[in-house]
Structure formats: C-alpha cells, structure tokens
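Read-outs: derived from the displayed coordinates by stated rules, not from any lab. Since the structure is predicted, the reported quantities are computational estimates derived from the model, not experimental observations. All Cβ positions, even for glycine, are placed from backbone atoms using ideal geometry, and neighbour counts span all protein chains on display.
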Amino acid sequence: QVQVVESGGDLVQPGGSLRLSCVASGDTVGIGAMGWYRQAPGKQRELVARFRGYRTTDYADFAKGRFTISRDTAKHMVFLQMDSLLPEDTAVYLCFVDHNAGRYWGQGTQVTVSS
C-alpha cells in the first residue's frame, strides 16, 4: 500500500504563483512514475504534468511554459510549480503515484485563482 498526500493549494490572484507538493509513503520500493492531474467542477480529470519514470516529463499544452514539475526521488516527493496562474486553472489538483501494485491517488488539494 502507498499513501499519497498533497499540499500547497490555496486561493491566489490571477498572475500569481503556487507550489504544490506531494509525498508518497508506505511501500515506496516499487514507485515509478509520479505526477499531477486536475479536475475542475463539471469537467473530466485531465493530466497536468508527469514524470514517465524518473526523468522524462510530459506536460499538458496549457501547462507548458507556466508550470514546472520536479521530483525528489529519495524522498518520494513530486512538486508542481505553477506560475502565471489563470482563473481557468481553478481545480482540485491530484497527485498520482504508479507502483508495481497499481496507481495510487491522493485526496487532492484545492487551487482557486480569483481576484
């Protein structure tokens, strides 16, 4: 079993920045890919950014140039630096961890971009 916990969500004004953190604990030996999705009210969950394995990253088009994903493999953590935030970035941001036993999700952290 792997436990996944996100933090860092907040209310921020348009143009502002936030840094989300995610930490995995428990059976961390089999962890592979890690990353972030988001889900806005009434919308499907969508990929924001992820590590495929330990180094290769993928970004959604809306995240390119504004968001940066990073990882501390030793601490089983993944981060999402979000800059130039827009109201349409408002969503629950969910961290995922891929493990030998399957994919694990956190509960999510709320990001609200509003003036």
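Tell me the Kirkwood hydrodynamic radius of the chain in angstroms, computed as one over the mean inverse distance between distinct C-alpha pairs.
With all distinct Cα pairs of the chain included, I get 14.0 Å.
Suppose every Lys and Arg Cβ carries +1 and every Asp and Glu Cβ carries -1, with no other charges. What dipole size does the stretch 1-75 come out with about its Cα centre, to the nearest 20 debye?
Computed about the Cα centre, the dipole is about 200 debye.
Using DSSP to define loop residues, name the chymotrypsin sites (Phe, Trp or Tyr not before Pro) in the stretch 1-101 whose beta-carbon has at most 16 other beta-carbon atoms within 10 Å.
Taking the stretch 1-101 and a limit of 16 other Cβ atoms within 10 Å, the loop chymotrypsin sites (Phe, Trp or Tyr not before Pro) found are TYR54, PHE62.
Cα-based Rg (one decimal) and Dmax (whole number) for the stretch 44-98, in Å?
Computed over the Cα atoms of the stretch 44-98, radius of gyration and Dmax are 11.4, 34 Å.
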